[in-house]
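Since the structure comes first, as structure tokens, the remarks are kept for the end.
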């Protein structure tokens, strides 16, 4: 493979996007360190170091994603999708169980979460599909059938793990890409009409379920769901964030975190740890970083050479965005608790590596916006 | 394929602008939320975090009650004072527990186990030190409250079994959920109660209810300030059993001197009226938290009181099995009602003499007399004509060799041998001589008392095999019927009317004829049919006087009965382990008393109680 011989490529490498990502990762790793800090022994467990190691792997993955022309992905789309799906199918067969759900595949010393990789694969496939289907007058309703068919197998497999949150993010990402691809006014009207019909029907349907049936559905979708347990987590998280006040309690001094009141403190509730110790200033700073990352990313989408690149970058960004919004919403008590991590910030190898690889693709799209088109040799 | 790449991003520009605005909007909303939490409400959250005293309390669900068929409560809940400690609120947990133990003067407190349990869960969750302390203890703890920070008294429901050991094997008991059970049952937490045995276990999901909980704010000493939020508990469902408490208690009393089991059920639908297993145990001991030595005593006891002999005890059915052999013989045409066979006290076959229980022999007998007098030689020869696999087929049709499917754990299937079975089990062919033993219910044949009760019920009702069940109805806490259990047909014996008639006639004479072996089961006004059985535990080379034999080698005594013969309402199986006497002498009188008492209950004043049961019945009823 010829590696970036073109000088222009280096020139268009988006350092801003990369620096934004790295600052978030750095802040996250520091918070993971704090979350695993044990005040009694004055030592932290290995989570932070492992996170740093994952970040290194992620950087390698991101560089790999920059090194080839992203348009080649259009040709590899189905292969990527099939590979992702294969891994996902393996989960219920040979995956390992933690906290009552089966989400992981063990590979010797480390384990991976195939749902994260599947997300990227789905984005690639959808980008390819919409790239070909987009038309000036907008997508017809029947153009949406294939994307739904693409999304359905992974969503069902992930629901069965069960991992309601991740399945939800899948749906949000698909919806975002559909919106960018642009449904025709008529499609919009039909979708809106269906939604309008479903909204009043929903309480009617729910009211016809027996309480125990309802409960069964709830526990199927989310086994950790315990009205009291989850409620408890949220109130502890709110105490942590709220008590951080304007300037926070200081690094390693968050009492909520140190006294183990916070659940899942290095993964789902890492923001509460950060927010307690760094206060409103820190939290707003972090949100500003995410906002900057998003807006910069949208600029990339806007400048992309062709629709495939734009759709690809947009899908990756949508994933980061929805995860961030859902996670921040749930830790601040605005949304129900579903197990979604904060992208680039929460502890978790598979998630960090794939997210970084994804951002590598965005940078790739930006870099090659002036490159001659080389792929389509159909 | 239109691939004009230039136009691509332009058409997206507007949508991208909206996306950007959407991103800005949602992040601003989050920013505002953070402003509200950290600046607006920061002070109050800070004070909450400084004395983070939000406790999660579980509100135990009130477990459903269990009633007998007449609405008498068999299992109830009563309030009990439990001593609870919240580890985080104590200065020294071990010290506090020891002090509480000292105040209570209780020996049943295992400090080590409690400390281990405390380590396994969050420090803000309460831990029960002792359930159901008495009033004195309540007063003592109240007066020493200041020395015992973190200790409080909670009122919780305690499972009680007002009749103690009566029906204990069927009702079962509850206990604190174990770690193994926690893994298997989601939704349970450490310290929750769960059904461990009997109906309490097998109907756990209906009885349990849904626990609630509350978040309460407490002060630094662990005292409750206010309730922040609350999810109420949902009561469990109540169960109405088919059991009759009075008959159960009466039968239990009858069986007190013995080890063994009695099952009485309705032949027309499989409803269990009584299920007794002796020796029994008191489930209340489990409900209040069994002490270590109590448990050891129960589980190491040689008589195995925790064993439900009615469904787990597998015994050779002895002569009661002749019902099966007789049915097979008539159906297969191996004999007719007029076939006569000579019994001279033994039968010589393959270089061995197979004895009849009657040394002098029965003379020439037909099927009727062979059943009435329980002639072994007759059935040896019939068995020989049938072959083991044919007998096994009829035994299976009558419900032997397979579990009945009663909703209780650990039911045993018994054993009906076939030639295939023997080859698989021992890698040996079947010997014809073994068929002779099988024909009289010895050898490898094993059956549970419940199976035998169901067998006689099937014969009594004309060949329909119902699934024995003890739950009639599940009621929701409001009193409405949640589900009612309908009789379930497991299969039919597929016997001709004439065969059944022939057998029932013989069984009637077992009890009512002068030469019958089961005369002691005879009632004055109602006709009883039945069959005795005496199963050998020990192969005797020569006759040894029973009282010279060690108890565990003595024979088991069986009696299976149904009444009234013409329109059966009750089927009974009695088994007495190592009775030291035959079925006719030992088991038939028990069946007599059970039937007698049953008709006294159902026929009311118009029924004259016979002999001995008279005074007892009035006492207990």
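No lab work stands behind these numbers, since they all come straight from the coordinates. This is a predicted model, so every value here is computed, not measured. Every residue, glycine among them, receives a Cβ derived from its backbone with ideal geometry; neighbour counts consider all protein chains shown.
The angle separating the long axis of helix B:245-254 from the principal Cα axis of greatest extent in chain B is about 60 degrees. As a length-normalised measure over Cα pairs under 8 Å and 6 or more apart, the relative contact order of the range B:173-262 settles at 19 percent. Checking the a/c ratio against 1.5 first, then a/b against b/c, what shape does the Cα gyration tensor give for the range A:1-93? Judged from the Cα gyration tensor, the range A:1-93 comes out oblate (a/c at least 1.5, b/c at or above a/b). Distance between the C-alpha centres of the range A:309-376 and the range B:246-299: 65 Å, rounded to the whole angstrom. Neighbour counting of Cβ atoms within 10 Å sorts the residues B:551, A:249, fewest neighbours leading, into B:551, A:249. Please say if chain B is rounded, prolate or oblate, where rounded means a/c under 1.5 for a ≥ b ≥ c the square roots of the C-alpha gyration tensor eigenvalues, and otherwise the choice is prolate for a/b larger than b/c and oblate otherwise? It is prolate, given that a/c is not under 1.5 and a/b is the larger ratio.
Does the protein assembly as shown come out rounded, prolate or oblate by the C-alpha gyration tensor, with a ≥ b ≥ c the root eigenvalues, rounded set by a/c under 1.5 and, if not, prolate when a/b is larger than b/c and oblate if not? Taking the square roots of the gyration eigenvalues as a ≥ b ≥ c, the protein assembly as shown is prolate.
Per-residue shielding of B:14-26, expressed as the average number of other chain Cβ atoms within 10 Å of the residue Cβ, stands at 5.
By the beta-carbon count within 10 Å of each Cβ, the least crowded to most crowded order of B:592, A:266, B:185, B:578, fewest first, is B:185, B:578, A:266, B:592.
Residues A:111, A:346, B:374, B:152, arranged from fewest to most other Cβ atoms within 10 angstrom of their Cβ, appear as A:111, B:152, A:346, B:374. In percent, rounded to a whole number, the relative contact order of chain B is 13, using alpha-carbon pairs under 8 Å and six or more apart. Put the Cα centre of the range A:274-289 next to the Cα centre of the range B:587-605 and the gap is 81 Å.
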